[in-house]
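The values are calculated or read from the model by the stated rules, or taken from the named source; none is laboratory data. Remember, predicted model here, so these are calculated numbers, not experimental data. Methodologically, a virtual Cβ is constructed for each residue, glycine included, from the backbone with ideal geometry; neighbour enumeration extends over all protein chains shown.
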Amino acid sequence: MTVTLKLKPEVEAGLVAQAQARGMSLEEYLLAMMEEASLVKTLESASAEERAAAFEAWSAGHRSTEPLSDFAVSRDSIYEPRER
């Protein structure tokens with residue numbers, strides 16, 4: 001389906017900036033926003049199993065990263081050592 005939107009120039013500029021910040025074209029960005037909005041409505045009436053499957057599908061689309069070390073997630077890593 002093709003849809004034509006007549007946006008105010010300032011709205012268009014804001015959307016273009018948001019799309020560029022995510023490395024996307026305006027069309028890709030708007031499509032992603034619409035798909036997300038549709039998914040949210042669909043999930044509101046979905047069963048727990050369907051929501052879990054949707055979450056797993058969503059998370060599979062992200063790049064995997066190395067786990068953080070125990071120190072990196074410890075309280076000690078937040079504070080600089082104090083000199084006595």
Conditions (1) modelled with pLDDT of 85 or more; (2) part of a loop (DSSP other than H, G, I, E, B); (3) of a type in the set (Asp, Glu) -> Glu80 fails only (1)
What do you reckon, is Glu12 surrounded by 13 or more Cβ atoms within 10 Å (Cβ to Cβ) and either farther than 20 Å from Trp58 by Cβ or hydrophobic (A, V, I, L, M, F, W, C) (or both)?
yes
Which condition number does His62 fail, the rest of (1) in a loop (DSSP other than H, G, I, E, B); (2) under 16 Å from the mean Cα position of the chain (by Cα); (3) surrounded by 11 or more Cβ atoms within 10 Å (Cβ to Cβ) being met?
(3)
Lys41 being among the charged types (D, E, K, R) and either at pLDDT 95 or above or in a loop (DSSP other than H, G, I, E, B) (or both)
no
Please name all residue pairs, on different chains or six or more residues apart, with Cβ atoms under 7 Å, provided the first residue is in the stretch 58-72 and is on the phi < 0 side of the Ramachandran plot and the second residue is part of a helix (DSSP H, G or I) and surrounded by 10 or more Cβ atoms within 10 Å (Cβ to Cβ).
Phe71/Ser77
Just the residues that are loosely packed, with under 11 Cβ neighbours inside 10 Å and either at pLDDT below 90 or assigned to a helix (DSSP H, G or I) (or both), please, taken from the stretch 18-35.
Ala21, Glu27, Glu35
